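Below is one structure; the comments refer to it alone.
The values are calculated or read from the model by the stated rules, or taken from the named source; none is laboratory data. Keep in mind that this is a model prediction, so the values were computed, not measured. We place every Cβ from the backbone using ideal geometry, glycine too, and count neighbours over all the protein chains shown. Remember, those area values only see protein heavy atoms, side chains included, never the ligands or the DNA or RNA. Shrake-Rupley method; radii C 1.70, N 1.55, O 1.52, S 1.80 Å.
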Amino acid sequence: MSVPSFIQMGLAIIFGLTGILKLYSPSSMKSTLIAIGIPKPLSSAGAWLVPLFEVLTAVFLLSRATVWIGEILAFGLIGGFIYAIFIALYKKEQIKCNCFGKLRDEYLGWGTILRVLMLLIMNSYITIANHPASFAAIHGEDLVLYILSWVGILGLYMIAQFIISAISNPQTD
């Protein structure tokens, strides 16, 4: 197992998954863009463009020949995410994140900064390591291991978010 290729696969899975989930709820993405101050006509386009760029980033990260395009797109998207978070913090408003589409109700803030910083670190690592993987050349068992590992990591993240939400917002009868 190669660490750079494992991280490269993780970024492809994360960007692909979040892009697809956002494509299922463009109105939610549009609301987020409007809330951070993007004009309505641009937010309508952005509601489709952001998730499409995420999916394109995932696709470009899957090939040795195009990984550099995926890395550049990822840096651009991460920059946009950081901008959105800082706008929400500056306005001191609770703006829905829509990071995972309508899968979870999350708000832009310190928690999303940590998640985006992890994406930044991961993308920086594969850029600096400069050992792009060609997923066609990865052995089948390694590919299955990569995918299952990332599904487990994302599942644990979702479970942790659910537990934190349940503890911080207890239900009373």
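Give the Kirkwood hydrodynamic radius (Å, one decimal) of the chain, defined as one over the mean of 1/r across all pairs of different Cα atoms. Don't skip to the end; give the middle numbers.
Working: mean 1/r = 0.0592 Å⁻¹.
Value: 16.9 Å, from the Cα pair sum.
Taking a cut-off of 17 Å, what percent of all Cα-Cα pairs in the stretch 55-118 are separated by more than that? Don't skip to the answer; put the middle values down first.
Values: 965 of 2016 pairs.
When every Cα pair of the stretch 55-118 is considered, 48 percent fall beyond 17 Å.
Give me the net charge for the shell around residue 5: Cβ to Cβ below 11 angstrom, other residues only, Lys and Arg +1, Asp and Glu -1. Can you show the working numbers first?
On the way: positive: 64; negative: 142.
Local charge sum for residue 5: 0.
Taking the stretch 1-85, how much of its Cα-Cα pair set, in percent, is spaced more than 17 angstrom apart? Mind showing how you got there, number by number?
Numbers: 1712 of 3570 pairs.
When all Cα pairs of the stretch 1-85 are counted, 48 percent exceed 17 Å.
Please calculate the 1.4 Å probe accessible area of residue 96, with all protein chains present, and give it to the nearest 10 Å².
90 Å²
Can you give the relative contact order of the chain as a percent, counting alpha carbon pairs under 8 Å and 6+ residues apart? Write down the numbers at each step before the final one.
Working: 193 pairs, mean separation 50.2, N = 173.
Across the chain, relative contact order equals 29 percent.
Would you grab the residues whose amide H sits under 5 Å from the one on residue 107? Only those 5+ places off in sequence or on another chain, please, with H modelled 1.01 Å from N.
HN-HN under 5 Å from residue 107: 97.
Roughly how large, in nm² to one decimal, is the mean projection of the convex hull of the alpha-carbon atoms in the stretch 28-72?
Details: hull surface 13.3 nm².
Mean projected area of the Cα convex hull: 3.3 nm².
Once fully extended, how much extra length lies between residue 89 and residue 143, figured as 0.36 nm per residue of separation less the alpha-carbon to alpha-carbon distance?
Numbers: separation 54, 0.36 × 54 = 19.44 nm, distance 3.90 nm.
Computed gain between residue 89 and residue 143 is 15.5 nm.
Need the C-alpha centroid separation for the stretch 112-173 versus the stretch 20-90, integer Å.
18 Å
Using per-residue counts of other Cβ atoms within 10 Å, averaged over each peptide, order 45-58, 114-127 from highest down.
Numbers: 45-58: 19.3, 114-127: 16.4.
Ranking the peptides 45-58, 114-127 by packing returns 45-58, 114-127.
Relative to the first principal axis of the alpha-carbon coordinates of the chain, what is the inclination of helix 140-168, with its axis defined by its Cα atoms, in degrees from 0 to 90 and to the nearest 10?
The two axes meet at around 20 degrees.
Could you give the angle, 0 to 90 degrees to the nearest 10, between helix 3-23's Cα long axis and the longest principal axis of the Cα atoms of the chain?
It works out to around 40 degrees.
Tell me, in nm to one decimal, what length is gained between residue 42 and residue 157 on full extension, where the rule is 0.36 nm per residue of separation less the Cα-Cα distance? Please report the intermediate quantities before stating the final value.
On the way: separation 115, 0.36 × 115 = 41.40 nm, distance 3.18 nm.
Between residue 42 and residue 157, full extension yields 38.2 nm more.
Relative to the present Cα-Cα distance, how much length would full extension add between residue 69 and residue 107 at 0.36 nm per residue of separation? Provide the component values of the computation, followed by the final result.
Working: separation 38, 0.36 × 38 = 13.68 nm, distance 2.92 nm.
Extra length available between residue 69 and residue 107 comes to 10.8 nm.
Quick one: helix 67-91 against the long Cα principal axis of the chain, what's the angle to the nearest 10°, folded into 0 to 90?
20 degrees
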